[in-house]
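One structure below.
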Amino acid sequence: MTLTLYLHPLASFCHKVLIALYENETAFDSRIVNFADADSAAALLDKWPIGKIPILHDEATGRTIPETSIIIEYLQAHYPGPMRMLPDDPEELLQVRLWDRFYDLYVSVPMQKIVIDRIRPAGAHDPHGVTEARAMLDQAYKMIEAHMQGRLWATGDDFTMADCAALPGLFFASIVHPFTAEQQALSTYLERLLQRASVKRVLAEAQPYFSMFPYREAMPARYLEAATS
Ligand SMILES: N[C@@H](CCC(=O)N[C@@H](CS)C(=O)NCC(=O)O)C(=O)O
C-alpha cells in the first residue's frame, strides 16, 4: 500500500483526514500511534518532530505530509477521487480554507484545551485557559449559528474540507461545551454531518475507544450505542 496514515482512532484531527479519505474511498494503511509506547512515539517523532497526529506517509514518493489541511490538499492533488474536498474556483476555495481554519483553530483547539486540562496532573490545571477556551467556543458557536442559516454544508451546497474539519470539532465540543437550545442551525448542521456515511464510519471506528475520552460521562448514550449503526 502506498499511503500510510499514522493516527489514533479517537483523535479528533485524525477524524478530519479519515473523513476525507473515506469520502473518496482512497486506499491506505493505518498505523496506530500510541503516545504511551516509546517505540511508537519515536516512530512518529522520527517522521514529524512536532509529534502531532495524523501524518501521511507516501511510499511512492518517500514523502511525509503533516498537518491535516495539507494532507487533504495533498490527497486531492496526488490521489484524487470523485469527491473534491477543495473547489477549483478561487473565491470558493478561499471560503473553504477560511472555514477549515475556523473549525480547527476556534472549535477544535479550544475543545482540546478543555479536554486535556481534565487529565493534567494535580497542580498543573489551567482554569484561566479553560475559561478562555469556553469563551472562544461561545463566540464560535454564535458565528456558526449565524453562518449556517440556509446553508447545507460549511461553505454552501458542496461537502468540502471545511466540513471534514467541522465534524470532529463540533462532535467533541458539543459534549464538553453543549450548544444552547436556541442554536438550532448549529445543532442541525452537526446532525447533518453525523448522517454522512464517512462520518458514521469514523465514529464507529472511534467507538471502542470512547471509554478513554476524558469526558466520557458527558457523552450522550446515543453515541455509545448507535455509533456502529
Ligand atoms: N494542526 C494539527 C493539529 C494536530 C493535533 O493537534 N493532533 C492531536 C491529536 S487530535 C495530537 O497529536 N495530540 C498529541 C499531542 O499534542 O501530544 C493538524 O491539523 O494536523
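Throughout, read-outs are computed from the coordinates displayed, never taken from laboratory work. This one's a predicted model, so the numbers in the text were calculated from it and none came from an experiment. Heads up, the Cβs are rebuilt from the backbone with ideal geometry, glycines too, and the neighbour counts pull from every protein chain shown.
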Where nothing but the Cβ of Lys and Arg (+1) and of Asp and Glu (-1) is charged, how large is the charge dipole of the chain around its Cα centre, in debye to the nearest 20?
-> 520 debye
Once normalised by the length of the chain, the mean sequence separation of its alpha carbon contacts under 8 Å that are 6 or more apart gives a contact order in percent of 22 percent
Residue ranges of DSSP H helices in the chain that stretch 18 Å or more (Cα, own long axis) and have mean Kyte-Doolittle hydropathy of at least 1.0 are 161-176
As straight-line cross-link partners of Lys47, the qualifying lysines (C-alpha separation under 26 Å, not fewer than 8 residues apart within one chain) are Lys16, Lys113
So for the range 3-78: antiparallel DSSP bridges make up what percent, rounded to the nearest 5?
-> 65 percent
Per the charge dipole of the chain (beta-carbon charges, Lys/Arg positive, Asp/Glu negative, Cα centre), the residue among Thr160, Ile114, His15 reaching farthest to the positive end is Ile114
To the nearest Å, what is the center-to-center distance of the range 88-160 and the range 165-189, using C-alpha atoms only?
-> 10 Å
DSSP-defined beta bridges in the chain - what % are antiparallel, rounded to 5 | 70 percent
